[in-house]
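Okay, so here's the structure we're looking at.
The values are calculated or read from the model by the stated rules, or taken from the named source; none is laboratory data. A quick note: this is a predicted structure, and the numbers were derived from the prediction, not measured. Backbone-built Cβ (ideal geometry, glycine too); neighbour counts: all protein chains shown.
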Amino acid sequence: MRIRPGETYEEWAKRVQMFEHGVALQRIAEGEDVDTVLESMSTRLMEKLLHPMYKMIQDSHITKSVEDSRKNYEENYIKRYGPKADHVFDDLVQTGQLHDSEHKSST
């Protein structure tokens, strides 16, 4: 059952729910076991209601491998923060502040 143009997810979900309830009632009226029909109905409802969300996730390319995610995180972290200790030490040496800070700490 497709979402109609201009229809919200909630409106579509209500329509799907009404359709599945109707199918379940029809199957029960035909003599099928109530527990089997309810189990089938709940599975079908869940699959139909989750499908648009799964499709959206697939379309947005969020599903990356864990290794790619970790590698990207590490690269972005290093670009953003860099090696702090080396950077601070190099700046102090270049500006001559290293000797000043050592002198102040000893007094």
*Test Val93 against the criterion of being assigned to a helix (DSSP H, G or I), hydrophobic (A, V, I, L, M, F, W, C) and modelled with pLDDT under 85, and give yes or no.*
yes
*Search result, residues across segment 50-64 that are within 13 Å of the chain's Cα centre (by Cα), of a type outside the set (A, V, I, L, M) and either at pLDDT 75 or above or exposed (fewer than 11 other Cβ atoms within 10 Å of the Cβ) (or both)*: Tyr54, Lys55, Gln58, Asp59, Ser60, His61, Thr63
*asked:* Here's a check for you: in segment 22-49, which residue that is among the small types (Gly, Ala, Ser) and in a helix (DSSP H, G or I) is surrounded by the most Cβ atoms within 10 Å (Cβ to Cβ)?
replied: Ala24
*asked:* For segment 1-21: of the residues being surrounded by 11 or more Cβ atoms within 10 Å (Cβ to Cβ) and not hydrophobic (A, V, I, L, M, F, W, C), which is farthest from the chain's Cα centre (by Cα)?
replied: His21
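Of all the residues that make up segment 15-50, how many are among the polar types (S, T, N, Q) and either under 29 Å from Pro5 (Cβ atoms) or outside the structural domain of Arg2 (by TED's automatic domain parsing) (or both)?
Here is the first cut: in segment 15-50, the residues among the polar types (S, T, N, Q) are 17, 26, 36, 40, 42-43.
Still in the list and also either under 29 Å from Pro5 (Cβ atoms) or outside the structural domain of Arg2 (by TED's automatic domain parsing) (or both): 17, 26, 42-43.
Matching residues across segment 15-50 total 4.
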*Among the numbered criteria (1) out of contact with any helix residue (DSSP H, G or I) (no Cβ under 6 Å at 6 or more places or on another chain); (2) without any contact (Cβ under 8 Å) to a residue 24 or more places away in the chain; (3) not β-branched (Val, Ile, Thr), which single criterion is violated by Gln17?*
(2)
